[in-house]
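A short write-up of the structure that comes next.
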Amino acid sequence: MIDRGRLAELLVAEERRFVETHPRSAALAERADGPLLAGVPMPWMTRWAGSFPVFVESASGARFTDVDGIEYVDLCLGDTGAMTGHALPAVSAAIAERAGKGITTMLPSEDAIWVADELARRFGLPQWQFAMTATDANRFVLRFARHLTGRPRIAVFDWCYHGTVDETLAVLEDGRVVPRPGAMGPQVDVAVTTAVVPFNDLEALDHRLAEGDVACLLMEPALTNIGIVLPDEGYSEAVREITRKHGVLLVIDETHTLCAGPGGATRAWGLEPDLLVVGKPIAGGVPLAAYGMTAAIAERLTPLMLTAEADVSGVGGTLTANAMSLAAARAALSSALREEDFAVAIPLAERFTGGVQSVIDRHGLPWNVQRLGCRAEYWFCPPPRDGAAAAAAVDEELERLMHLWTLNRGVLLTPFHNMALFSPAHSEADVDRHTEVFGAAVDAIVG
Ligand SMILES: Cc1ncc(COP(=O)(O)O)c(C=O)c1O
């Protein structure tokens, strides 16, 4: 149904419009090309839809303004890092206050206790520690799992994403575990470290874990990084049963699925992880992640924390759990990501899916839109049931056009797929603006 020639023409026109309307970003991108590798401070920033990234002047609530003075509705929210909304006043105040009192000392602050208590209340796990990023937290829990079980491998789902954790950058290819396409200079042979199973396939999981060499299954309750792939009815409960049956620890990564509610999908769906990781927005955008665990796991890990070699255990970091991150987390968790915040954000995501679906229906397209809490995502295919089907359905050209089209009309989508995230700072008018822009894009593409 997609005329590729027409799509290519539209892309050229949108790129021209982008360049013409962003002269200051263009000039900064040219400057950045000198001192910054590939012209960007972080590799992923080369992947935005325009030929250079938009440079940001400021961000507040659900909006940001670029250096050309253009204001955008932000449906990316720093790919979840700013799920609270940008520049939350309580977080800004806490950072300012803490910065004046010392940022990092490698000693604990009282805020650490408050934040751990709050995470325990939200997720139902009694003991916690902190990491700088969700990637770090995942690396640490994988170490714990191997240490506690004495087993060499970890298991993940095909096309999962858990950060830049070496062992998790693995996919299945003809039944073999291979490095994920694009994984640079693999540090480890993932065929040796990792078992990969398709999401929503209980038989494959049971079969693989029965081999007895897997320490833990690291999973998102729903895949969110290859688009949203929701679990089948009863799947999560069956996964827990299978992991228990084979003595495999269950690690749930709530970094993105925190969009399901204040205690993530774990609380919303009654999941029972042995260990849980959460990162990105918990400190309102300041780097901080956390890992929690059951009392049984904590009891076994505590002696390890007390060894003379705790500093070289492979867990922790000099700036980790610094006073500023924890002050920011206390402020963020006291004033955001609460029941009342999701009560505003989730209906906005529902409105988004309704709007997108109405455009899809109007054109009779075989596309679909999925939602998990305050996160929503549209696809150019029927809903995939696993990561491989999701990956196979990616249409980079079409995606690029949708991103550039919306960007040129003041709406930023999350890069790498077609995702929108809502905070209490968004409004119904923001959602409707996206529906209008999305509808116009589809009209232009399919006529
Ligand atoms: C589920 C999940 N876990 C972990 C991470 C890693 O987070 P970070 O890049 O902040 O380390 C991500 C990043 O997208 C994620 O989606």
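The values are calculated or read from the model by the stated rules, or taken from the named source; none is laboratory data. If you're wondering where the values come from, they're calculated on a predicted model, not measured in any experiment. All Cβ positions, glycine included, derive from the backbone under ideal geometry; neighbour counts span all protein chains shown. The accessibility values were calculated without ligands, DNA or RNA, using every heavy atom of the protein model including side chains. Shrake-Rupley method; radii C 1.70, N 1.55, O 1.52, S 1.80 Å.
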Exercise for the section: From (1) within 21 Å of the chain's Cα centre (by Cα); (2) open to solvent by less than 30 Å² (accessible area, probe 1.4 Å); (3) away from the ligand (no atom under 12 Å from the Cβ), pick out the condition that doesn't hold for His86. Expected result: (2)
Exercise for the section: Check Leu337 against each of (1) more than 30 Å from Ala425 (Cα to Cα); (2) part of a loop (DSSP other than H, G, I, E, B); (3) of a type in the set (A, V, I, L, M, F, W, C) and name the one condition it does not meet. Expected result: (1)
Handout entry: strands (runs of 3 or more DSSP E) lying entirely in the stretch 113-182 (those with 2 or more residues that are under 20 Å from the mean Cα position of the chain (by Cα) and within 28 Å of Ala268 (Cβ to Cβ))
Key = 127-131, 153-157
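Per-residue answers, yes or no, for (1) within 14 Å of Leu217 (Cα to Cα); (2) in contact with a Cys (Cβ under 6 Å, 6 or more places away or on another chain); (3) of a type in the set (S, T, N, Q):
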| site | (1), (2), (3) |
| --- | --- |
| Tyr161 | yes, no, no |
| Thr164 | no, no, yes |
| Pro179 | no, no, no |
| Gly185 | no, no, no |
| Ala195 | yes, no, no |
Problem - Residue count, the stretch 208-220 (criterion: within 15 Å of Pro198 (Cα to Cα), more than 10 Å from the ligand (Cβ to nearest atom) and open to solvent by less than 10 Å² (accessible area, probe 1.4 Å)) - result: 2
Handout entry: Tabulated pairs, the stretch 293-309, first within 19 Å of Leu218 (Cα to Cα) and open to solvent by less than 40 Å² (accessible area, probe 1.4 Å), second part of a loop (DSSP other than H, G, I, E, B) and not small (Gly, Ala, Ser), C-beta under 7 angstrom, 6+ apart or interchain
Key = Met293/Leu125; Met293/Asp274; Thr294/Leu125; Thr294/Asp274; Ile297/Asp274; Ala298/Pro126
Completion exercise
If you go through Glu203, Glu237, the only one that is farther than 21 Å from Leu258 by Cβ and either within 14 Å of the ligand (Cβ to nearest atom) or outside any strand (DSSP E or B) (or both) is Glu203
Exercise for the section: Evaluate the following for Thr46: is it away from the ligand (no atom under 16 Å from the Cβ) and without any contact (Cβ under 8 Å) to a residue 40 or more places away in the chain? Expected result: yes
Fill in the blank from the handout: Those residues of the stretch 327-351 which are over 20 Å from Gly264 (Cα atoms) and open to solvent by less than 20 Å² (accessible area, probe 1.4 Å) amount to Ala327
Exercise for the section: Return the only residue of Glu15, Glu97 being more than 24 Å from the chain's Cα centre (by Cα), surrounded by fewer than 17 Cβ atoms within 10 Å (Cβ to Cβ) and assigned to a helix (DSSP H, G or I). Expected result: Glu97
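Each row is one residue, and each column tells you yes or no for (1) open to solvent by 10 Å² or more (accessible area, probe 1.4 Å); (2) part of a helix (DSSP H, G or I); (3) within 25 Å of Ser51 (Cβ to Cβ).
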residue: Thr353; (1), (2), (3): yes, yes, no
residue: Ser358; (1), (2), (3): yes, yes, no
residue: Arg371; (1), (2), (3): yes, no, no
residue: Ala388; (1), (2), (3): yes, yes, no
residue: Ser423; (1), (2), (3): no, no, no
residue: Asp432; (1), (2), (3): yes, yes, no
Practice task
Would you please list the contacts, defined by Cβ atoms under 6 Å and residues six or more apart or on different chains, that run from a residue in the stretch 237-260 that is without any contact (Cβ under 8 Å) to a residue 40 or more places away in the chain to a residue that is of a type in the set (S, T, N, Q) and in a helix (DSSP H, G or I)?
Solution key: Leu250/Thr243; Ile252/Thr266
Fill in the blank from the handout: Within the stretch 119-136, restricting to residues that are within 18 Å of Glu299 (Cα to Cα) and small (Gly, Ala, Ser), the one that is least open to solvent (accessible area, probe 1.4 Å) is Ala120
Exercise for the section: Considering only residues that are in a loop (DSSP other than H, G, I, E, B) and under 20 Å from Asp201 (Cβ atoms), look in the stretch 241-272 and name the one that is farthest from the ligand (Cβ to nearest atom). Expected result: His246
Practice task
Any chance you could count how many residues in the stretch 221-254 are at negative phi and open to solvent by 10 Å² or more (accessible area, probe 1.4 Å)?
Solution key: 16
